[in-house]
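Notes to accompany the following structure.
The values are calculated or read from the model by the stated rules, or taken from the named source; none is laboratory data. Here the structure is a predicted model, which is why all the values come from computation and not from measurement. Here the Cβ positions follow ideal geometry from the backbone for every residue, glycine too, while neighbour counts run over all protein chains shown.
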Amino acid sequence: MRAVLTGGSPDPAASAALERDVELLGERPAPDAAAEVDRRIAVFRTEGAGSLAKLILTGAPERPGYLIFNTLVFRRVVSVPLDASAKPPAPAGENSWVQWSDEHHALTVDIPGAGFAWVAADGVPSPAVAPQSALATPNLLRNDFFEVHLNETTGGIAQIKGYGRSPNRLSQQLNFRFSRERTFTVGAGDRTEETKSHYAEMRQLNAEITCAGPALGEIVTNGEIVDQTNGARLAGFRQAVRVWRGRPVVEIDIALDVAQMPDGEPWHNYFASRFAWHDETASLTRSAMMGASETTEERIESLHYLEIATPEQRTTIVAPGLPFHRKTGPRMIDTILVVQRETERNFRFTIAVDQEYPMQAALDAMTPAVVVPTQNGPPKSGAAGWLFHLATRQVQIVQMLPLVAEPPPANPDTEGGDLPAPASPATPGAGSGCALRLVETEGRPVRARLRSFRTPVRARQRDFSGKTVCELSLDGDAVLVDLTSFEIADIEIHFT
């Protein structure tokens, strides 16, 4: 982005080696190799953000603060962790809150899509929270949008619901599924009865309010997953459930201490996070290549999200790195955490409430904002700004690409034979601009207005070999792009 702002085009060589090494890791990379790639990604992100921040803050007055970048094309209210040894920030506007207490140091701030916000580092530690405004009380979390009731017996989520007489939209618990159904006795005395189940039992040992506000509410439960037939401990768990003021999401962090590994077929024997909802008629939608796809299958693969939708409510479950789900009833689903030979023990879920575009909610949960501590600010252009803008929320920008040269005409003697050659970068100094890869995510044709920080002089849609598909119309600082259902399109924009 810095190259485009300074009158050039993105340099593909800057990230080519890193992209290649990420792809070469494979499905089961060696721990050392994965750690090294993670380190290089962190360095690349830090250096790139620092370079862009330096350009944006050119000529800014001396005043410590934080420059926070939103790399997604839609407006977001994000919560970012900050260095506890630094000076706390001050809230930046009405959609901004600071949590600065013993264990939690974070800022919630409103950032324009594909833009940035600068926040001064001249705040004060968070004051004590009054009981009536606390975001966390025993077994209850709440914010501006909903309440989260925890189950004091299991340690899971009893219900996520709106205020008043709103129905329960979602419940959650951790569990272990046995390969075969078992029969066991529940109750005591005259109330004993035999029951059958494939599942073990989640039992809470203790719960602790770790933060009650003003910006964050968090409750941590600890417990065990137990085989009811013999009392054997299958795993220990630590589950942290949190809500943020001003954000319609519930975050769940899970850590498992597995004592007995699953050893059966992975679709039938596993540790899982189980979800249940109240309406059997709700439709279930998964993501496929970033597009929404309704499903009735028992075994579901979805990289980004599952959405449970009724005419009145929409609930989106985002499970990064957990693509496999098993529907176990008309209103129940298991997200599989651990199967045989799985080594990961830490997992995160985000539950987004009443978000109209589930892919947008998924990208928001999976893409952290980038924070750059600064010694200058605010920028001369203002404390917030954007570089690209799309009002069409069903369309996402997934990648910035360099300008490429138009390939030579195809040879009629070889056309239809070999695959087209990859696109070649434009000659250095050939102009200022970039290409943006767009994807339509809802399965509906749309005309998108792609606005940019400078008025373009030309725009075209190109294919993946760099050949022009069509020239695009301009309307002031906007490029008009017509997309079909689920289309992926590279839009090349020239500024000079």
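Test V124 against the criterion of being touching a strand residue (DSSP E or B) at 6+ places or on another chain (Cβ under 9 Å) and outside any loop (DSSP other than H, G, I, E, B), and give yes or no. Considered against the rule, which asks whether it is touching a strand residue (DSSP E or B) at 6+ places or on another chain (Cβ under 9 Å) and outside any loop (DSSP other than H, G, I, E, B), V124 comes out as no. Scanning the stretch 487-496 turns up one or more residues that are in a strand (DSSP E or B) and more than 21 Å from A3 (Cα to Cα).
Residues that are more than 30 Å from Q399 (Cβ to Cβ), in contact (Cβ under 8 Å) with a residue 60 or more places away in the chain and assigned to a loop (DSSP other than H, G, I, E, B) do not occur anywhere in the stretch 289-309.
Annotation note: of L72, L82, the sole residue that is under 29 Å from W244 (Cβ atoms) and either in contact with a Phe, Trp or Tyr (Cβ under 8 Å, 6 or more places away or on another chain) or assigned by TED's automatic domain parsing to the domain that holds A212 (or both) is L82.
Out of the residues in the stretch 55-70 that are in contact with a helix residue (DSSP H, G or I) (Cβ under 9 Å, 6 or more places away or on another chain) and not aromatic (F, W, Y), state the one that is farthest from G115 (Cα to Cα).
Across the stretch 55-70, the extreme among qualifying residues is L55.
Just need a number here: residues in the stretch 127-163 that are part of a loop (DSSP other than H, G, I, E, B) and hydrophobic (A, V, I, L, M, F, W, C). Explain how you work it out, then say what you get.
Narrowing the stretch 127-163 to residues part of a loop (DSSP other than H, G, I, E, B): 127-130, 134-135, 138-139, 143-146, 151-156, 162-163.
The next check asks that each one be hydrophobic (A, V, I, L, M, F, W, C); those that pass are 128-130, 134-135, 145-146.
Qualifying residue count, the stretch 127-163: 7.
When only residues in the stretch 332-350 that are part of a loop (DSSP other than H, G, I, E, B) and touching a strand residue (DSSP E or B) at 6+ places or on another chain (Cβ under 6 Å) count, which is surrounded by the fewest Cβ atoms within 10 Å (Cβ to Cβ)? Break it down stepwise before answering.
Narrowing the stretch 332-350 to residues part of a loop (DSSP other than H, G, I, E, B): 339-345.
Narrowing further to those that are touching a strand residue (DSSP E or B) at 6+ places or on another chain (Cβ under 6 Å): 339, 345.
Values: V339: 19, R345: 15.
Checking each candidate, the answer is R345.
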